[in-house]
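Worksheet: one structure, shown below.
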């Protein structure tokens, strides 16, 4: 093992800084929605929230660019430090690959607009659509730089790139609120965050290095790897942010008496996931670097993180059982009495299982097993949705979907990692995935 691979991936202080950044980002998001509700008319606020949700979903699909950039650059860094360079004659700029992926995603987004534009953005027109498209292409570069900072372990810049978007958006919307500006100002404030990497390009030497960085290898393979990672991000978003949509769609035939229960379950899923999933998603770049450091024993490297997540799930489930119903009823008075302590405890532990699937997927990605990474998440989503179609009561099918889907996905990831580890141990030649 090289000296590089034996180093600590991140210090305690850097870890705390990233944690603070995730809290700032989440808090800023809440404040922006609060400001919009106070400053805009009811109709404009509804349009803003729809716009916010759509743009956030599109941006979320590009998180695969961040993870793959971290893997590509981190792998090159480790290879250089251990003198394992392949001495490729062909080189490429990962920034340009990320930009190409961003343009591809923008093209797909625009191509699909005839199917949803009139129902999702009926009153906002083609100009709003064009602004989202431009911001999507720019955001691909923003997440590239976040991934590049993870790959080079520039954790200060990594944390700042994560947190400054929320701070900027809140500051801009606060100014718009004070000036009495309307819907357009709030939309532009959010879209402008996709261009913040330009400021880092001016003031940060490490970001400028990432801008000019060249890697050995085939740009076509790098492009396909990023597209696979983006496809996985779509599946992850479907299971995380999109699960309530699946639940509502599969319960469309439920009688009206279950409307309140359905809403309560969706809220319960959201509040039990947030404490585990938001920090984990923020630390995805750290996780990629950690698993790159342990490519010779990936399953062993997974033991402690998985055990930690499961332990957190058990503790969280206990707390949810004891105080969850009271806390839920205090926060959501309209739905008081709908959810029991045992149900909230089960939702909390299910959130830990989803976090385990996220972690095993990250380990697979770090090994370059893109197809295993994608297949595990597709299996998670498909099995969860099939469970929702079973003739069970609302609580039963929800819990079955949230437990069976992540367990199956994590299992597939682990099997794929084991097989790939065996193949690499038996073959000195690199294996492409």
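Taken together, the values in this text are just the output of simple stated rules run on the coordinates, not laboratory data. Computed from a predicted structure; not experimentally measured. Neighbour counts are summed over all protein chains in view; Cβ atoms, including those assigned to glycine, are modelled from backbone coordinates with ideal geometry.
Note on the chain: with a GNM built from Cα contacts shorter than 10 Å, the maximum mean-square fluctuation among 134, 234, 178 falls on 178. Across region 1-230, the mean sequence separation of Cα contacts (distance under 8 Å, 6 or more residues apart), normalised by length, yields a relative contact order of 38 percent. In percent, rounded to a whole number, the relative contact order of the chain is 20, using alpha-carbon pairs under 8 Å and six or more apart.
For region 1-230, the C-alpha radius of gyration divided by 2.2 N^0.38 Å, with N the number of residues, is 1.11.
Cα gyration tensor of region 240-433, axes a ≥ b ≥ c as square roots of the eigenvalues: rounded (a/c below 1.5), prolate (a/b > b/c) or oblate?
Values: a/c = 3.01, a/b = 1.90, b/c = 1.59.
Cα axes put region 240-433 in the prolate bin.
From largest to smallest, what semi-axes in whole angstrom does region 162-257 give when each is the square root of 5 times an eigenvalue of its alpha carbon gyration tensor?
Numbers: eigenvalues 232, 167, 17 Å².
Each semi-axis is √(5λ); the values are 34, 29, 9 Å.
Helical content alone sets the calculated 222 nm signal of the chain at -27000 deg cm²/dmol, taking -39,500 (n - 2.57) per DSSP H segment of four or more residues and averaging over every residue. Exposure proxy for 304, 424: other Cβ atoms within 10 Å of each Cβ, ordered fewest to most, give 304, 424. Taking other C-beta atoms within 10 angstrom as a stand-in for reagent exposure, 239, 277, 149, 226 fall in the order 277, 239, 149, 226, fewest first. To the nearest Å, what is the center-to-center distance of region 185-256 and region 12-79, using C-alpha atoms only? Here the answer is 9 Å between Cα centres. Distance between the 7 Å Cα→Cβ label points at residue 203 and residue 175: 1.4 nm.
Quick one: pull the percentage of alpha-carbon pairs in region 213-282 with a separation above 21 Å.
On the way: 1193 of 2415 pairs.
That tail contains 49 percent of the Cα-Cα pairs.
Ellipsoid semi-axes for region 316-404, based on the Cα gyration tensor and the rule √(5λ), read 30, 17, 9 Å when sorted largest first.
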